[in-house]
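The values are calculated or read from the model by the stated rules, or taken from the named source; none is laboratory data. Remember, it's a predicted structure, so these values are computed and weren't measured experimentally. Cβ placement follows ideal geometry from the backbone for every residue including glycine, while neighbour counts extend to all protein chains displayed. SASA here: full protein model, heavy atoms, side chains in, ligands and nucleic acids out. Shrake-Rupley method; radii C 1.70, N 1.55, O 1.52, S 1.80 Å.
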Amino acid sequence: MNILSVRGVSRTFHTPTQGSTVALQATDLDVAENDFVTILGPSGCGKSTLLRIVAGLDEPSGGQVLLDGKPVTAPGADRGMVFQSYTLFPWLTVLDNVCFGLRERGMARGQQIELAQGFLAKVGLQKFAKHFPKQLSGGMQQRTALARALANQPRMLLMDEPFGALDHQTRELMQELLLGIWESERKTVLFVTHDIDEAIFMGSRVVVMSARPGRIKSDLAVPFEHPRH
Ligand code: ADP
Ligand code: ADP
């Protein structure tokens with residue numbers, strides 16, 4: 001069953017200095033439940049624009065995004081997001097970062113903490129609940145961001161180069177961690193990367209975008225075996 005449908009979505013940016021830029025042109029994409037879709041393409045091909053539109057952080061110039069058959073108009077707890085640059089709140093502890101969305105929803109404090117600690121354990125950070133983001137390595141900050149995204153129990157995870165700023169070894173560890181979580185939590189993932197190896201390793205499906213003029217070039221199902229397992 002499709003959880004996400006991107007229907008003829010376009011996005012043109014207008015800036016005084018650069019004029020019009022077509023970032024996306026008539027893009028169609030259907031994502032089935034439990035798919036791990038990687039979106040691969042060179043820098044500037046429109047990957048982030050597509051993800052931001054699915055997230056509800058940007059509006060298409062044309063077309064429509066449907067999540068569970070309903071049009072997406074704004075960000076929501078049904079889509080958990082993880083970006084390349086750590087987007088943790090620096091003034092909150094790791095635990096309170098993970099609790100953030102739960103508190104917004106008015107969940108009782110005890111329940112927030114129980115749920116958050118469960119997700120911190122899943123990403124191996126149960127001992128770091130009281131730390132502040134700046135006391136953690138980049139990999140640990142991304143694990144916190146992942147725990148925060150998961151805590152809201154979203155229908156989909158939207159990830160934009162989430163491991164792009166990490167060193168090689170940490171990146172491989174994070175890839176394994178995410179695949180483990182994807183399998184155990186049965187999440188649907190949309191994962192943007194410009195790294196071919198990462199796209200093929202992570203994706204059950206690899207969608208390739210071409211640079212000009214921002215559209216999907218091919219869509220491959222990857223026979224799913226993890227070469228490093
Ligand atoms: P990618 O994620 O593949 O690197 P982006 O989606 O960030 O690509 O960008 C696609 C194109 O749209 C690029 O030419 C980029 O410069 C342009 N673009 C993206 N965001 C904006 C914006 N806010 N204003 C103007 N142009 C933008
Ligand atoms: P990525 O390559 O990861 O997509 P970028 O560095 O292209 O990220 O973009 C980072 C931010 O800058 C995004 O919010 C994007 O919308 C904005 N942006 C990208 N290109 C332009 C542009 N040409 N003019 C204005 N804003 C832009």
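Quick rundown of the values:
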{"read-out": "Å² of accessible area per residue within the chain, as computed with a 1.4 Å probe and no ligands counted", "value": "48 Å²"}
{"read-out": "Nearby lysines by direct alpha-carbon distance to Lys134 (threshold 26 angstrom, same-chain neighbours under 8 apart not counted)", "value": "Lys122"}
{"read-out": "Peptides ranked, highest mean first, by Cβ atoms within 10 Å: ranges 201-212, 124-135", "value": "201-212, 124-135"}
{"read-out": "Loop sites in segment 1-91: chymotrypsin sites (Phe, Trp or Tyr not before Pro), DSSP, at most 10 other Cβ within 10 Å", "value": "Trp91"}
{"read-out": "Cut-off under 5 Å, modelled amide H: who pairs with Leu24 long-range", "value": "Arg11"}
{"read-out": "Straight-distance crosslink candidates among lysines, where the alpha carbon sits under 29 Å from Lys70 and sequence neighbours closer than 8 are dropped", "value": "Lys47, Lys187, Lys217"}
{"read-out": "Packing rank of 56-69, 147-160, where each peptide gets the mean count of other beta carbons within 10 Å, highest leading", "value": "147-160, 56-69"}
{"read-out": "Distance between modelled label sites at Val22 and Leu173, nm, 7 Å Cα→Cβ extension", "value": "4.5 nm"}
{"read-out": "Residues of segment 155-188 with amide N under 17 Å of the 7 Å Cα→Cβ point at Phe13", "value": "160-161"}
{"read-out": "Rg(Cα) / (2.2 N^0.38 Å) computed for the chain, rounded to two decimals", "value": "1.01"}
{"read-out": "The chain: DSSP helices with Cα axial extent of at least 27 Å and average Kyte-Doolittle hydropathy no lower than 1.0", "value": "none"}
{"read-out": "GNM result for the chain, Cα springs below 10 Å: residue of Thr87, Thr144, Thr49 fluctuating most strongly", "value": "Thr87"}
